[in-house]
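Take a look at the structure set out below.
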Amino acid sequence: MIIPIQKTSNEVKNFVFSPYFGDGLRITFGVVLPSLILAQFNLLQIGITVSLGALCASIVDSPGPITHRRNAMFMTIGIVTIVSLLTALCNFSVYLLGILIFGITFLFSMLYVYGVRAASVGIAGLLIMTLGIGDIRPLSQILLYSLEIFVGGLWYIALSLSLHRIMPYRQARLILGECLLEIADFMRIKAGFYQEGMDYEANYKKLIEAQIAVNEKIDAVREQLFKSREIVRESTQEGRFLLVIFVDMVDLYEQIMSTFYNYQNLHKQFDKTGILTDFENTLHLLAAQIEEIGASLKDGTNPNLSLKLPRKIKDLKLEIESLVRLKENENSPVTFSNIGLQALKNIEVNIENIYLRIKKIREYFREKKLKTLLKNDIKIASFISHQEYELDNFTDNLNLKSENFRHALRISGMMLIGFIIAQSFHFLHSNWILLTIVVIMKPAYSLTKERNLDRLIGTISGAFIGMVILNYVTDNRILFAILLVCMLGTYSFQRKTYLVSVVFMTPFILILFDFLGMGSRALFIERVCDTLIGGGLAFIGSYILLPNWEHEKLKKTLIEMLEANLAYYHQVSQMYFGVKYDRIPYKIIRKEVFVRSANLASAFQRMYSEPKRKQVSINEIHKFSVLNHLLSSYVATLALYASEHFEEIADFEDLKIIAQHTETMLKESMKIIEGSEFVTKENIHILKLKTNQEPDEEYQIVIPEQFMNIQKAAYDICRISERIQL
């Protein structure tokens, strides 16, 4: 039982030191404190309104550069103040309220045009509108109500900016640590390919899901580091420390990606020797080492290097040498191929390189302590993009071809229908229906479906938990403590696991209403019913009202993936024909491959959640995704060798025709997917390597083999592209 307990302990520790838990603590403190203080002066109602303003500001306070967070929070409190005022004024007329709901929902839903953070500003506006519906106040109190919300937003901004000033690098450390933990998980999945009897298809699927997670985290870290002035200037050891770790972390991820071989053939030849199991165990040890570095970043400690790893790597070398001698023995019955043995050597070398890179990252902790870290020479501006907030971006999307426009029409239409239903049947808390629609409906059907299930399951489970708590806990102090725990759980999991967040949210709401003297069994039933109605409307709207199906936009994603891999392959292959390795252009192209691979994998996942009849060519898309991952991995292997041993590369001019033909086939694949009339089918075939050169170095066997593997992958991509019908 020691291992499971230790694993659980590590998971709890990782979560406590995660940015999610940090966000939860900050938001809980920011939302609760105004109500607590004002309650001491019998001003609880005002305190709740101030807390609501703080909650709205917190919605946009997601990880990212502090300037972006600050600007978004100020924009949010301005918007929610105005919207709260408009909602309060329109409450006197059901017709004005209906017009306001449709108009505001459409306008704020269109903010997806400007990115996720801008969309969060819109969600804050919709939240304050839905919570204000039906709250009829005298005209004299309406301005005061909006002012209280404004003050609550200012309080939260002051809190968030103060915490950043006290701990300017804390957020970056936590996100970087999370990214390393995802890379460790990615490596564990790669290690699974060395397991005897592995289900390759299932492992490929897990690998693609892990790839999405890693790329999302890398993008988040890049955004946090490269757009933060304190870090970009590298004026402190901490800023330099975080940057150098990030640069080496991405190289480490590429190194892990490059370990890709024909695992079926390896298992046929070497399962009985046990060496593949040793590879798997060593990779798990390396993953644990990466995980320890990530955990150390988060909790501020120094990671230790495992003493087992050097011994394990040495043992792997000895095992391979033993297999080579066995192969050379004329009386030996073994059937190892030279290519198989060379693959084992390549895997061992790659494992050693991964270990050396981990060791290098570990050394940065010592150099930082000694204050000897030097500035990085990477051109940061080349790796970041800037969001343009031009009015043209908004107006250009006001047509039915725009996914954002269709989403805005869909959600505003469903909000209006939900409002009409609530008014017609005189629901006591009609805004719960609208709030459910706001948080569930997303631009993609699959995301709406997932949110809907999470909301429904979480609400029912949380409602039962809440009623049990209220039935058996009578001490208000204990109830308040449970309320704080539920709030912390709600805000900690809202960006990590929405289902868990809702499970915490529902008891929190029920206990809060009980404190306000409004708790009852009827409230529990209404909460569930309103969730069912809102979820049902969201589902119907996403299915029948201008729906967005993945197959309608997948063509662009496939072509972008091929373009990225083509550019990546061209950049790397040229290193073998005399073109010198150039670090910056190479890393920019590699970044595009990572991003577009994640985009393709995400699109496939979303399509997989759609109705069966909308899953157009889903098996072919899956195969296409796997083949592109193979291609990227093979190219990464070539790139790593070229970048580390450029001066040692022999003359590979005889491979140039293979490289050019491979590029031609990738271009033909793009034409096929586009449905072009100018596809040249005569170009789709495999060239044989014609060379009389006797290889005198091991890598001279490996390099041509990699070029041929890439050509084969490109050929397979062409063939699978012909079967994709979009």
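The values are calculated or read from the model by the stated rules, or taken from the named source; none is laboratory data. All figures in this text were calculated on a predicted structure; none of them were measured in a lab. In this analysis, Cβ positions are derived from the backbone assuming ideal geometry, glycine residues included, and neighbour counts consider all displayed protein chains.
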Screening Gly192, Gly177 for residues that are over 13 Å from the mean Cα position of the chain (by Cα), buried (at least 18 other Cβ atoms within 10 Å of the Cβ) and farther than 20 Å from Asn265 by Cα leaves only Gly177
Flagged in the range 560-588 as modelled with pLDDT under 90, within 23 Å of the chain's Cα centre (by Cα) and aliphatic (A, V, I, L, M), in numbering order, are Ile588
Scanning the range 1-31 residue by residue, the ones that are among the polar types (S, T, N, Q) and modelled with pLDDT of 75 or more total 3
Given the structure, is Tyr112 more than 30 Å from Leu242 (Cβ to Cβ) and touching a helix residue (DSSP H, G or I) at 6+ places or on another chain (Cβ under 7 Å)? yes
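Yes/no per residue for (1) within 36 Å of the chain's Cα centre (by Cα); (2) of a type in the set (Ser, Thr, Tyr); (3) outside the structural domain of Phe102 (by TED's automatic domain parsing); (4) under 18 Å from Leu499 (Cα atoms):
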site: Met414; (1), (2), (3), (4): yes, no, yes, no
site: Ile421; (1), (2), (3), (4): no, no, yes, no
site: Leu447; (1), (2), (3), (4): yes, no, yes, yes
site: Ser461; (1), (2), (3), (4): yes, yes, yes, yes
site: Phe464; (1), (2), (3), (4): yes, no, yes, yes
site: Leu470; (1), (2), (3), (4): no, no, yes, no
Taking first residues from the range 292-321 that are in contact (Cβ under 8 Å) with a residue 40 or more places away in the chain and second residues anywhere that are in a loop (DSSP other than H, G, I, E, B) and of a type in the set (Gly, Ala, Ser), the pairs with Cβ under 9 Å that are 6 or more apart or on different chains are Lys298/Ser18; Glu319/Gly274
Quiz item: In this structure, does Leu546 turn out to be more than 30 Å from Ser669 (Cβ to Cβ), surrounded by fewer than 16 Cβ atoms within 10 Å (Cβ to Cβ) and in contact with a Leu (Cβ under 9 Å, 6 or more places away or on another chain)?
Solution: yes
Result of the Cβ filter at 8 Å on the range 390-406, keeping first residues that are within 15 Å of Leu546 (Cα to Cα) and part of a loop (DSSP other than H, G, I, E, B) and partners that are at pLDDT 90 or above and among the basic types (Lys, Arg), at least 6 apart or interchain, is Leu400/Arg406
Val502 fails exactly one of (1) touching a His at 6+ places or on another chain (Cβ under 7 Å); (2) within 23 Å of Phe419 (Cβ to Cβ); (3) crowded, with 19+ Cβ neighbours inside 10 Å, namely (1)
**OP:** For the range 174-187, state whether one or more residues are out of contact with any Phe, Trp or Tyr (no Cβ under 6 Å at 6 or more places or on another chain), over 30 Å from Gly132 (Cα atoms), modelled with pLDDT under 90 and not acidic (Asp, Glu).
**Re:** no
Note on Lys442: of the conditions (1) among the basic types (Lys, Arg); (2) touching a Ser or Thr at 6+ places or on another chain (Cβ under 7 Å); (3) part of a helix (DSSP H, G or I), unmet is (3)
Check: Would the range 601-621 turn up any residue that is surrounded by fewer than 22 Cβ atoms within 10 Å (Cβ to Cβ), within 30 Å of Ala639 (Cβ to Cβ) and of a type in the set (A, V, I, L, M)?
Finding: no
Picking from Gly535, Gly541, the residue that is under 24 Å from Lys401 (Cα atoms), assigned by TED's automatic domain parsing to the domain that holds Val438 and either touching a strand residue (DSSP E or B) at 6+ places or on another chain (Cβ under 7 Å) or buried (at least 16 other Cβ atoms within 10 Å of the Cβ) (or both) would be Gly541
